[in-house]
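Q: First the structure, then my questions, so here it is.
The values are calculated or read from the model by the stated rules, or taken from the named source; none is laboratory data. All of these numbers come straight from a predicted model, not from anything done at the bench. Cβ coordinates were reconstructed from backbone atoms using ideal geometry, including for glycine residues, and neighbour counts include every protein chain displayed.
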Amino acid sequence: MSQPRLKRGLEPNSGTPLSVTPFTDCDANESLCMARDVSDLTPIVSRDQLVAWIEDGAKPAEQFRIGTEHEKFPFYKADHAPVPYAGRADQGGIRALLEGLRKRLGWTAIDDEGNIIGLYDESRGAAISLEPGGQFELSGGPLASVHETAAEIEAHFAALMPVAEPLGIGFLALGMAPQWRREDVPLMPKQRYAIMRTYMPKVGTRGLDMMLRTCTVQTNFDFSSEADMVQKLRVALALQPLVTALFANSPFTDGKPNGFLSARSDIWLHTDPDRTGILPFAFEPGMGFERYVDYALDVPMYFVKRGETYHDVAGASFRDLLKGKLPQLPGERATLSDWANHLTTIFPEVRLKRYLEMRGADVGPRPFLYALPAFTVGLLYDRASLDGAWQIVKGWSAEQRAALRVEVPRLALEAKIAGRSLRAIAREVLALVRQGLINRARKDPQGRDESHFLDPLDAIVAGQTQAEALLSKYEREWKRSVEPAFRECAF
């Protein structure tokens, strides 16, 4: 079933049709992108072509899928140290983990200058990748239900743990490393991260902390048209502080409480204002694919990849690459792969590519890995839930949204907007989400619909956040030490 197109002459001048495959193009996740981005050298000759590339992600509602990505910190169980890429003299490291998983799963290795840096399963659109500090990420495939998401994550751990156990490696389910100093975190051998490490301190104060000491869980979701994209983007952006509050799980830094419930979220406020934030323009009249493309074109680039080499062009303009006037690469012209790569280097609270990404949650225990896709699906894939959520948030001003974004890392559900606490808003939103999941009626073999995956979030609203529970343990059971976190907060 084809989608209606905007009247802009959207097909690229090359005459090559753009594929519409959910989450499986080179923009689906970073690992697949790096593995495949040199395969689409279609030249970009106009801004309209960039708009068309994003717009071609639209699909009918019956083809909507959900993708879930989660990160986790590897650590050595013996001394709770972070795991370097090559390992230690007596123990294997990240490379050994990836090699073991490659043999176990049969997935294709992704290399960077001779180093294995990820794996991908092209048949399902899933991948395993590394974040800059060795955070181990599963980028799940496009799935039809949260039941399938839960099964995918369970299968991931079932494959990972037998490889990790002999290496003495465990994995932390926290949004921020609880005791490692930034300088103690090992660096992964990925060219793009070397470029980012150099550039980040020039544009913010916490970019390196974001890269090296944080972990998140994210969901990817579809849209059916430009209008559907805009409504979903606005609702998801407005409610990202609520997501941050519900999933707040990063209260420790450098071995002690850091003063936040979601320090990971606060770090993003101090990373790079050119490519982060809640996108105020998304709520303005005229928002659409073109407006987002114009925003993305003005976000400074990190790199241009040619062959196997990442050329450092940090701070340069994609508009100059379009014109063939990039000072670092004179005469080089942009390709669709360059555009796909560039969009992966933009980090707003909700990101648009050929689908949308919800990016506001700290990683947490396994039930929370299922709760986020359930929240996303129930909120955004049921029309009544989506419309109801829009009625809740549409009156919020840009100033109110910005103030809430600043308050929520410290206050979580006690933060307020428009005179209401996030806790009260959460009750109302979760009721909509639960009904949306009930309406979908996607049932598992036991006859349960997807709504039971929301139970951990209902418990948070009725009680305290994960971060608050950990702080209580720190003061009492843990005797003001974070060492027990490596036991009690491990997957």
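Q: Being farther than 14 Å from Glu349 by Cβ and either of a type in the set (A, V, I, L, M, F, W, C) or without any contact (Cβ under 8 Å) to a residue 12 or more places away in the chain (or both) is the filter here; which residues of the stretch 267-293 pass it?
A: Glu284, Pro285, Gly286, Met287, Phe289, Arg291, Val293
Q: What's the number of the condition Gly118 fails, among (1) within 14 Å of Asn220 (Cα to Cα); (2) touching a helix residue (DSSP H, G or I) at 6+ places or on another chain (Cβ under 8 Å)?
A: In the conditions (1) within 14 Å of Asn220 (Cα to Cα); (2) touching a helix residue (DSSP H, G or I) at 6+ places or on another chain (Cβ under 8 Å), Gly118 misses (1) alone.
Per-residue answers, yes or no, for (1) in a loop (DSSP other than H, G, I, E, B); (2) in contact with a strand residue (DSSP E or B) (Cβ under 8 Å, 6 or more places away or on another chain):
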site: Val429; (1), (2): no, no
site: Arg434; (1), (2): no, no
site: Leu457; (1), (2): no, no
site: Glu468; (1), (2): no, no
site: Tyr474; (1), (2): no, yes
site: Ser481; (1), (2): yes, no
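Q: Among the residues of the stretch 160-179, write down those that are surrounded by 15 or more Cβ atoms within 10 Å (Cβ to Cβ) and not in a strand (DSSP E or B).
A: Matches in the stretch 160-179: Leu160, Val163, Ala164, Leu167, Gly168, Ala173, Leu174, Gly175, Ala177, Pro178, Gln179.
Q: If you scan the stretch 175-200, which residues turn out to be farther than 22 Å from Asn341 by Cβ and either without any contact (Cβ under 8 Å) to a residue 60 or more places away in the chain or among the basic types (Lys, Arg) (or both)?
A: Arg181, Arg182, Glu183
Q: Moving on to the next point. Return yes or no: is Gln328 polar (S, T, N, Q), farther than 16 Å from Arg65 by Cα and in contact with a strand residue (DSSP E or B) (Cβ under 8 Å, 6 or more places away or on another chain)?
A: Yes; evaluated as a whole, the condition is true for this residue.
Q: Residue check: is Arg36 at pLDDT below 95, assigned to a helix (DSSP H, G or I) and more than 18 Å from the chain's Cα centre (by Cα)?
A: Yes, satisfied.
Q: For the structure I just gave you, tell me whether Ser129 is modelled with pLDDT under 95 and of a type in the set (Gly, Ala, Ser).
A: It is false that Ser129 is modelled with pLDDT under 95 and of a type in the set (Gly, Ala, Ser).
Q: Next up: Run down Arg124, Arg95 and say which single residue is in a helix (DSSP H, G or I), free of Cβ contacts under 8 Å to residues at least 24 places away in the same chain and either surrounded by 15 or more Cβ atoms within 10 Å (Cβ to Cβ) or among the hydroxyl-bearing types (Ser, Thr, Tyr) (or both).
A: Step by step, each of Arg124, Arg95 is checked, and only Arg95 is in a helix (DSSP H, G or I), free of Cβ contacts under 8 Å to residues at least 24 places away in the same chain and either surrounded by 15 or more Cβ atoms within 10 Å (Cβ to Cβ) or among the hydroxyl-bearing types (Ser, Thr, Tyr) (or both).
Q: Still on this model: Quick check on this structure: which one of Phe73, Phe136 is closer than 30 Å to Arg448 by Cβ, of a type in the set (Phe, Trp, Tyr) and either at pLDDT 95 or above or in contact with a Ser or Thr (Cβ under 7 Å, 6 or more places away or on another chain) (or both)?
A: Among Phe73, Phe136, only Phe136 is closer than 30 Å to Arg448 by Cβ, of a type in the set (Phe, Trp, Tyr) and either at pLDDT 95 or above or in contact with a Ser or Thr (Cβ under 7 Å, 6 or more places away or on another chain) (or both).
Q: Could you tell me whether Arg448 is modelled with pLDDT of 95 or more, exposed (fewer than 15 other Cβ atoms within 10 Å of the Cβ), more than 25 Å from the chain's Cα centre (by Cα) and among the charged types (D, E, K, R)?
A: When the stated conditions are applied, Arg448 passes them.
Q: If you take the residues in the stretch 194-236 that are surrounded by fewer than 22 Cβ atoms within 10 Å (Cβ to Cβ) and of a type in the set (Val, Ile, Thr), which one is nearest to Pro60 (Cα to Cα)?
A: Val230
Q: Can you spot a residue in the stretch 465-473 that is free of Cβ contacts under 8 Å to residues at least 24 places away in the same chain and not small (Gly, Ala, Ser)?
A: yes
Q: Out of Ala418, Ala424, which single residue is touching a Gly at 6+ places or on another chain (Cβ under 8 Å), more than 24 Å from Glu137 (Cα to Cα) and at pLDDT 95 or above?
A: Result of the check over Ala418, Ala424: Ala418.
Q: Looking at Ser481, is it surrounded by fewer than 18 Cβ atoms within 10 Å (Cβ to Cβ), among the small types (Gly, Ala, Ser) and under 15 Å from Pro257 (Cβ atoms)?
A: The answer is yes for Ser481.
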